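Just below is one structure, and these are the notes that go with it.
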Amino acid sequence: MTKLSLLHTNKRLLLGITGGIAAYKTAEVARLLVQENVDVQTVMTESACRFIGPATLQALTGKIVFTDLWDNRIANNMAHINISRDVDAILIAPASADFIAKLANGFANDLLSTLCLARNCPLFIAPAMNWQMWESPATQRNLAILQRDGVTIFGPVDGAQACGETGMGRMLEAQELVKEIQKFFKPKLLQNKHAVITAGPTYEAIDAIRGITNLSSGKMGYAVANAALEAGAKVTLISGPVCLKAPFGATLINVISAQDMLAAVKKNISSADIFISVAAVADFLPSKISNQKIKRINGNISLNLTPNPDILEYVAGLPKPPFCVGFAAETENLEKNAEAKRRKKKIPLLVANLVPDAISSDESALILLDDKGKHPLSKALKIVQARHIIKHISLLYKK
Ligand code: C5P
């Protein structure tokens, strides 16, 4: 039986090739990666094999190329698990419209799609297709899903296409793709840093079943947690009640009230390098919580409220505070109110946005306020904004 070599050198990449004419460029990608000392394991779909032969990739990478979900050369017959466990990242180049649709919907009907679904490492895709396929609402919808799922998309670019038409959909050139992979393998922006992040709303009980809360969805806080993880940070995410999937790799602590949140922050803050306070903490809590459901009466009743602790101010006021970042959701005078908040809380960076973007939408326009002034970020998906925020933090944090 052939001995399969999934040898480990420095960095290990799974190179997935799907069916598209740009597959011929992927041979060059493989060659350049091998020159960079990257250990490349190729997996091809059936259609990819119609465009370029596995023998080419085998010769360039010095490894057997896998194409079959039922390849019984892997001892436990679980090629889809074993191959993905042995790599630092997966790059799909070219990623066809069909494969993008499969990824977005979690299909697992061939080796490559099954590997992607079973992965525990980052996934990069380099789309390549006819411009009309690229622009079709279905492809754009699928790409938006992949972005939201944390998949990184390299390219495509505008230009001449193999079909003779011109437009968006050319795969990045081999050199450019290799540059992107090199960037990924470089030490990360927040490598070995511990980021404590709060997210979502808090819920302040009035009685056994009623409470005060707000419309925060937690989307921004979870996006910031995902971006910090991508940047190599160890992440503790302290979250109020939300309906979101826990970011893979974060330590998630679920809390209900502002006081719970403060207690969880106090427990975890001593080892934190960075504190990012994204949560929409309720400003007040009822002075008295009734254990029983308060009965309806004819006429008004009044609710006495007490201010909640300000968690961000508490952390920023510690003798040796971590690098503190606040968020401000405003309904008016965004910049003025947000800058006043930054000064009051004595924090180096504050991220300002306007309600309703700030509260539940998937996208937002932001202004980053620091000692140097303002840095506007035009409207984009929250995960895209979160990556900008993490980059900005890493620049300020270094100083
Ligand atoms: O509610 P406000 O606009 O003042 O929030 C500004 C910042 O302060 C946010 O980062 C929020 O997470 C934080 N905050 C807090 N504890 C509170 C209120 C707000 O940490 N009780």
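Structure notes:
- The single condition from (1) assigned to a loop (DSSP other than H, G, I, E, B); (2) surrounded by 14 or more Cβ atoms within 10 Å (Cβ to Cβ); (3) polar (S, T, N, Q) that GLN182 fails is (1).
- If you go through the range 249-269 and keep only what is part of a loop (DSSP other than H, G, I, E, B) and within 15 Å of the ligand (Cβ to nearest atom), you end up with VAL255, ILE256, SER257.
- Strands (runs of 3 or more DSSP E) contained entirely in the range 48-164, each with at least 1 residues that are in contact with a helix residue (DSSP H, G or I) (Cβ under 9 Å, 6 or more places away or on another chain), acidic (Asp, Glu) and within 21 Å of GLU180 (Cα to Cα): 157-160
- Filter pass, PRO122 being in contact (Cβ under 8 Å) with a residue 40 or more places away in the chain, under 24 Å from ARG31 (Cα atoms) and open to solvent by less than 40 Å² (accessible area, probe 1.4 Å): no
- Any hit, the range 194-206, residues being closer than 19 Å to ALA386 by Cα and without any contact (Cβ under 8 Å) to a residue 24 or more places away in the chain: no
- Among the residues of the range 87-119, the one identified as aliphatic (A, V, I, L, M), in contact (Cβ under 8 Å) with a residue 60 or more places away in the chain and surrounded by fewer than 20 Cβ atoms within 10 Å (Cβ to Cβ) is ALA89.
- Any hit, the range 49-56, residues being open to solvent by 30 Å² or more (accessible area, probe 1.4 Å), at pLDDT below 95 and either outside the structural domain of GLN175 (by TED's automatic domain parsing) or within 27 Å of ASN10 (Cα to Cα) (or both): no
- Single match in ASN214, ASN226 (criterion: in contact with a strand residue (DSSP E or B) (Cβ under 9 Å, 6 or more places away or on another chain) and surrounded by fewer than 22 Cβ atoms within 10 Å (Cβ to Cβ)): ASN214
- Test for PHE284: is it within 13 Å of the ligand (Cβ to nearest atom), aromatic (Phe, Trp, Tyr) and within 21 Å of the chain's Cα centre (by Cα): no
- LYS336 being at pLDDT 90 or above and touching a helix residue (DSSP H, G or I) at 6+ places or on another chain (Cβ under 7 Å): no
- Count of the range 270-281 residues which are assigned to a loop (DSSP other than H, G, I, E, B) and of a type in the set (A, V, I, L, M, F, W, C): 4
- When the test is whether a residue is open to solvent by 80 Å² or more (accessible area, probe 1.4 Å), part of a strand (DSSP E or B) and of a type in the set (Lys, Arg), LYS374 passes it.
- Residue, least open to solvent (accessible area, probe 1.4 Å), within the range 170-179, restricted to residues that are outside any helix (DSSP H, G or I) and touching an Asp or Glu at 6+ places or on another chain (Cβ under 8 Å): LEU172
- Within the range 298-357, if we keep just the residues that are of a type in the set (Gly, Ala, Ser), open to solvent by 40 Å² or more (accessible area, probe 1.4 Å) and not in a loop (DSSP other than H, G, I, E, B), the residue that is farthest from the ligand (Cβ to nearest atom) turns out to be ALA340.
The values are calculated or read from the model by the stated rules, or taken from the named source; none is laboratory data. For clarity, every value in this text was computed on a predicted model and none was experimentally measured. Please note: Cβ atoms are built from the backbone with ideal geometry, for glycine as well, and neighbour counts cover all protein chains shown. In case anyone asks, the SASA skips ligands and DNA or RNA and just uses the protein heavy atoms, side chains included. Shrake-Rupley method; radii C 1.70, N 1.55, O 1.52, S 1.80 Å.
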